[in-house]
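Heads up, the thing below is written out as structure tokens.
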Amino acid sequence: MVNKNKDIINRDASDKYKGFRYQKFRLAKKMLELIKINLKTNIISFPELRDDGYFIEKNGKQIFEQNKDYSEPFSFNSLEIRKSMVNFLDNYFELDKDPNLQFIFFTNVTYTSERNSNLLRKIDLKPLEKPVLKYLVEKELTAVVVDFVAKALVQTYIDEYNIDISKVETYKGYYEELIRMDGESWNTFLNSVTFQFGEGDIDELNLELEKEIKECNFYRLEHVNREQVIKMCLLETIDKRMGERHFTQKMINVETIKNIYYEVSSRENSLSYDEIFIHWESLEEERDSENLRNLKEKIYGVCQDFRQRTLNRYSREATTVRDEIKSYDKKQIYSLRYRVYESMEKFFDEVFHFKESYTFEELNGAIKILKQCVVEDINILMEDFDYGIKNKITIEKMVLLLIDECFHSFDEE
């Protein structure tokens with residue numbers, strides 16, 4: 001990993017790192033993906049070593065990434081594109097053009113066509129029929145495309161290193177190796193570069209990272225509702241390693257990630273799990289499966305003139321909450337379901353007045369009071385137990401869900 005005494009550009013950001021949020025989220029997500037692919041992988045990442053992201057995949061394959069969060073599309077004229085390619089070239093030469101190297105340009109924006117620019121005029125090039133980046137993405141590496149890219153990158157290399165081509169003593173980095181590359185050599189290098197345009201922005205990366213945290217091999221029951229803590233620890237670890245100087249200090253391996261999960265799970269939780277979940281399945285079995293009626297049928301059974309718009313909203317809430325609770329731990333949800341059931345049972349026994357029929361105002365008012373009573377009971381239980389769900393809206397929807405699933409009704413059947 002030495003640089004063979006080459007005077008290449010120092011792109012290490014150890015001294016100037018101020019918090020590359022997008023880069024850190026991408027690094028964290030990529031590391032968890034690599035662990036999922038191969039848990040036996042040893043070293044998985046070196047944050048801010050050689051590139052924004054430096055990953056070791058299974059079988060020792062080395063991946064270098066440039067991560068860019070931008071607001072405008074890129075073209076090959078874009079300096080960020082060409083500077084990234086120059087960085088890839090330096091790594092390519094420094095690692096002896098290893099055929100297992102892979103370079104990735106990862107960004108949230110798309111690409112566009114080139115326009116005439118000072119760069120193109122300087123090297124006597126005209127825009128191609130399609131965007132150069134389209135050719136590179138689709139690997140249409142014709143002689144014309146390769147010649148265009150080679151000339152643009154050689155000029156970028158000259159500009160980046162401030163090389164005077166008439167003075168050999170100004171040659172820096174791998175300029176001499178670069179100008180000796182022929183078409184076949186350029187083709188080999190360009191085939192090792194992948195462009196990933198239109199990827200997630202910071203908000204999408206955040207959601208994807210949270211998903212990967214839950215799907216990690218080290219994720220256990222005790223991590224439920226601590227995903228944000230795990231994420232914070234991952235990002236803090238990356239942040240710290242970015243600031244280290246030596247590559248051995250930057251290294252993140254599988255044990256690093258495993259320890260983060262272990263430390264988070266071992267932190268004391270002031271709330272315990274409600275063991276009432278063991279009764280939920282037996283309660284489900286007690287339902288009369290031959291006389292199931294959904295929420296709509298139960299409401300129309302006692303109120304023919306119930307407002308359609310309100311009924312549609314209630315039915316939708318009862319349906320969507322099924323998907324909302326899927327992301328939570330099953331035992332916690334079973335406990336919460338049982339506690340909601342108990343609270344509703346108390347309401348129908350002590351508060352609700354059963355009649356053969358109700359006006360819309362009577363029944364809708366009773367449903368509102370039912371929701372309030374259940375939320376109040378659950379809030380008291382939440383002082384001692386962790387149910388995962390914290391908001392009252394989901395709990396109110398769960399009330400409608402239990403009616404829809406035929407655990408309670410507005411008549412005395």
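The values are calculated or read from the model by the stated rules, or taken from the named source; none is laboratory data. Every value quoted in this text rests on a predicted model; they were computed, and no experiment measured them. All Cβ positions, even for glycine, are placed from backbone atoms using ideal geometry, and neighbour counts span all protein chains on display. All accessible areas refer to the heavy atoms of the entire protein, side chains included, with ligands and DNA or RNA removed. Shrake-Rupley method; radii C 1.70, N 1.55, O 1.52, S 1.80 Å.
Overview of results
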quantity	calculated
Residue 45 long-range amide H proximity, modeled H, under 5 Å	56, 252
Candidates 169, 184, 212, ranked by Gaussian network fluctuation over the chain, Cα under 10 Å, top entry	169
Surface share of carbon and sulfur [accessible, 1.4 angstrom probe, percent] for the chain	46
Within the chain, percent of DSSP bridges classed antiparallel, to nearest 5	40
Karplus (6.51, -1.76, 1.60) ³J(HN,Hα), θ = phi - 60°, over segment 58-74, in Hz, Gly and Pro reported as x	4, 6, x, 4, 9, 10, 10, 10, 10, 10, 10, 9, 10, 10, 10, x, 8
199, 297, 317, reordered so the largest accessible area comes first (probe 1.4 Å)	297, 199, 317
Restricting segment 370-401 to trypsin sites (Lys or Arg not before Pro) in coil, as DSSP defines it, with at most 14 other Cβ within 10 Å	390
Rounded to the nearest 20 debye, dipole of the chain from Cβ charges on Lys, Arg, Asp, Glu	1800
Burial order of peptide ranges 276-282, 123-129 (average beta-carbon count within 10 Å, highest first)	276-282, 123-129
Among 283, 402, 141: highest mean-square fluctuation, GNM of the chain, C-alpha pairs under 10 Å	283
On Cα atoms only, tilt of 79-94 relative to the major axis of the chain in degrees	70
Spatial separation of Cα centroids for segment 118-151 and segment 182-213, in angstrom	20
Charge context of residue 70, other residues only, Cβ under 13 angstrom, K/R +1, D/E -1	-4
Cβ crowding within 10 Å averaged over residues, with 90-97, 115-122 ranked highest first	90-97, 115-122
Crossing angle, helix 143-161 versus the chain [Cα axis fit, 0-90 degrees, rounded to tens]	80
Among 323, 51, 203: highest mean-square fluctuation, GNM of the chain, C-alpha pairs under 10 Å	323
Of the trypsin sites (Lys or Arg not before Pro) in segment 46-84, those whose Cβ has at most 16 other Cβ within 10 Å and which sit in DSSP loop	61
Solvent-accessible heavy-atom area per residue, rounded to whole Å², over the chain at 1.4 Å	52
Packing-based ranking, highest mean first, of 27-38, 375-386 given that Cβ atoms within 10 Å are counted	27-38, 375-386
Pairs of lysines in segment 29-126 (C-alpha under 27 Å apart; 8 or more residues apart or interchain)	28
With Cα atoms, 0 to 90° folded angle of helix 392-404 axis to the chain main axis	60
Euclidean distance of C-alpha centroids, segment 230-266 and segment 44-67, integer Å	15
